[in-house]
1. Which one is nearest to B:Val149 (Cα to Cα) among residues in the range B:28-50 that are surrounded by fewer than 15 Cβ atoms within 10 Å (Cβ to Cβ) and not charged (D, E, K, R)?
2. Across the range A:369-402, what is the total count of residues that are outside any loop (DSSP other than H, G, I, E, B) and facing chain B (nearest Cβ under 7 Å)?
3. Would a scan of the range A:324-335 turn up a residue that is closer than 22 Å to A:Glu83 by Cβ, of a type outside the set (Phe, Trp, Tyr) and surrounded by fewer than 23 Cβ atoms within 10 Å (Cβ to Cβ)?
4. Any residue in the range B:28-53 that is more than 14 Å from every other protein chain (Cβ to nearest Cβ) and touching a residue at least 60 places away in the same chain (Cβ under 8 Å) sitting within a Cβ distance under 7 Å of a residue that is of a type in the set (Val, Ile, Thr) and assigned to a helix (DSSP H, G or I)? List the pairs, counting only those 6 or more apart or interchain.
5. Any residue in the range A:22-42 that is surrounded by 20 or more Cβ atoms within 10 Å (Cβ to Cβ) and under 22 Å from A:Leu376 (Cβ atoms)?
6. Condition test on A:Met244, is it touching a Lys or Arg at 6+ places or on another chain (Cβ under 8 Å) and within 14 Å of chain B (Cβ to nearest Cβ)?
7. Only one residue in A:Ile366, A:Ile415, A:Ile405 is away from chain B (no Cβ under 13 Å), β-branched (Val, Ile, Thr) and either crowded, with 24+ Cβ neighbours inside 10 Å or under 22 Å from A:Gln258 (Cβ atoms) (or both). Which one?
Amino acid sequence: MADIRSYTMNFGPQHPAAHGVLRLVLEMEGETIRRADPHIGLLHRATEKLAESKPYNQSIGYMDRLDYVSMMCNEHGYVLAIEKLLGITPPRRAQYIRTMFDEITRILNHLMWLGAHGLDVGAMTVFLYCFREREDLMDVYEAVSGARMHATYYRPGGVYRDLPERMPQYDASRFRSDRDMKHLNAARQGSLLDFLDDFCERFPACVDDYETLLTDNRIWKQRLVGIGVVSPERALELGFTGPMLRGSGVEWDLRRKQPYEVYDELDFRIPVGTNGDCYDRYLVRIEEMRQSCEIVKQCIAWLRRNPGPVMLDDHKIVPPSREEMKDDMESMIHHFKLFTEGYSVPAGEAYAAVEAPKGEFGCYLISDGANKPYRLKVRAPGFTHLAAMDEMASGHMLADVVALIGTQDIVFGEIDR
Amino acid sequence: MTDALDGLLEHLRERFGDHVLSARRDLDELTIELRPAELIEVMTALRDEQPFRFEQLIDLCGVDYAAYGEGEWITEQASNAGFSRGVKGNSFARLGLTGIYGVDTIETNTGRRFAAVYHLLSVTHNHRLRVRVFCEDDNFPVVPSVIDVWAGVNWFEREAFDLYGLIFEGHPDLRRLLTDYGFIGHPFRKDFPLIGNVEVRYNEEKGRVVYEPVSIEPRVLVPRVVRQDSRYADADQPQEGADNG
């Protein structure tokens, strides 16, 4: 019998399936993995240390860049922690807008995950389909904040501005025929909410498309079923959250268990897996997209009925409008103080968590009463998931590592921070 | 929720007695402080015993309290040119300027400088708890590792070791996690400069990447100001306006 020697292999950091900059040192025996040692930190930017050197509001933009495929959910965790320390609650309309954008973000994230996961495992078409729908949601981000990805839209005390009355449309160009333009702008004739309404109408059919391509696909199932099985007890011990935990059959969702914003008023269901393998986690995330779509619909209906302020009217925290500044001395002073020094947050500590698409995204803030955080700790969901890579990958084949990276929904912005 | 938290606080006091150095409830969050010596014992009980059942360790982080409460705009006199523009020279609030921009080494050994903060979550009872442990020696901060209690703490402890230099006794694989291979120092300590100590570039003559001392100068755009805002003023210690500026 041939002697099989064990050897070490480098996977990444320059590997298309490494989702960014993961360096995995794999100890292999033939094609079986004995030990997987992820080397992370290649994208470490010391976000938490940078936040210590800036007034509170200036770090919101950094949060977008943590998990850069679920931007607004990260902002949400950070903003909630500040609000907790300040003891303020944003207006109802702002809470609904935040909830709606959290769910839009969840769809954005899951689309990115599905596309990338499919591509890793060898399904090219899903990637293209997913990006088609992502484009519409990116436009929603852009319409509301001016940026397609890094929105900096949530602020302590509400959201930066109200939803636009008019959805931006495509301009005529020599690369686009009139017929194409008419088609592209068909859903963009009304407000942002009209556009979203239209999106929610057609999105379930899109999810059906993805499922047609994957759910009963023989290759897809061969690659996912029975791979990376984690028992519910072990998932809890390892600190799993989000779809990784629910895929193992633990019904735990912060939106339901520790509701923030307006989740306790909304009607949605929490999908749970049974086997705890990659395929179950896939099914959980697919169902989450459908549920998110339902939540967005409910938010749209509420937002249509209830106009109102989207920011608190407390100029010690929230800057006054430009108009007020023009003829009010006090507003001028508030503006000057807020933008040169920021606001001081009372001394204390707070932990605020949101159910981000990847799991529990938490921000632990320590304030010593200054205008900058004393310590900010970002609890990124992907961090604990990747830490369990060794355990999940041992005994599997090399090709399964790719499926595992996919199922963990790894994004290095949040893991390396 | 309110009563549940008070009940938990009561259970904690009852069960652990002197082991709990302090237990507070702020902003609807419970925080207890423990000694490193009893950490493992208490944590195991927190995981296993019925009134607690903290199955998950959500987060562990290191904290450096060396510069707590220090501002850098402590000026009360106005000259005819107005108030001075913040403090000159080095301060911890300027994120610890050591190295070529002056040395501010921390020499006091208070035993209250480094802390490990644990965030626990009970899925069964749906409650959270924050546990803080201060390291007894600032120069060689040691905390026992809870890796046998929660397996998921592995990387969190490696991260705290990397960034703050906390030694987790009993951790099987305490390597650096986030910083570069061969990195020197613990970057999140308050006496580590924000701009770092070394910069990296490709040297064409040598044909390899070289490390050099940083060439940029540190700057502070917005000074750090600690204010007692009257709206949040503590009822016990009434403050007359802001303390400066």
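What follows draws every value from the coordinates through simple rules; no lab data is involved. Note that the structure is predicted; figures quoted are calculated from it, not measured. All Cβ positions, glycine included, derive from the backbone under ideal geometry; neighbour counts span all protein chains shown.
1. B:Thr44
2. 7
3. yes
4. Listed pairs, sorted by first residue: B:Leu34/B:Val42.
5. Yes, the range A:22-42 contains at least one residue that is surrounded by 20 or more Cβ atoms within 10 Å (Cβ to Cβ) and under 22 Å from A:Leu376 (Cβ atoms).
6. yes
7. So the residue among A:Ile366, A:Ile415, A:Ile405 that is away from chain B (no Cβ under 13 Å), β-branched (Val, Ile, Thr) and either crowded, with 24+ Cβ neighbours inside 10 Å or under 22 Å from A:Gln258 (Cβ atoms) (or both) is A:Ile405.
Yes/no matrix, rows are residues, columns are (1) closer than 23 Å to B:Arg130 by Cα; (2) more than 16 Å from the chain's Cα centre (by Cα); (3) crowded, with 24+ Cβ neighbours inside 10 Å:
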position	(1), (2), (3)
A:Ser344	no, yes, yes
A:Ala353	yes, no, yes
A:Ala370	yes, yes, yes
A:Met389	no, yes, no
A:Gly395	no, yes, no
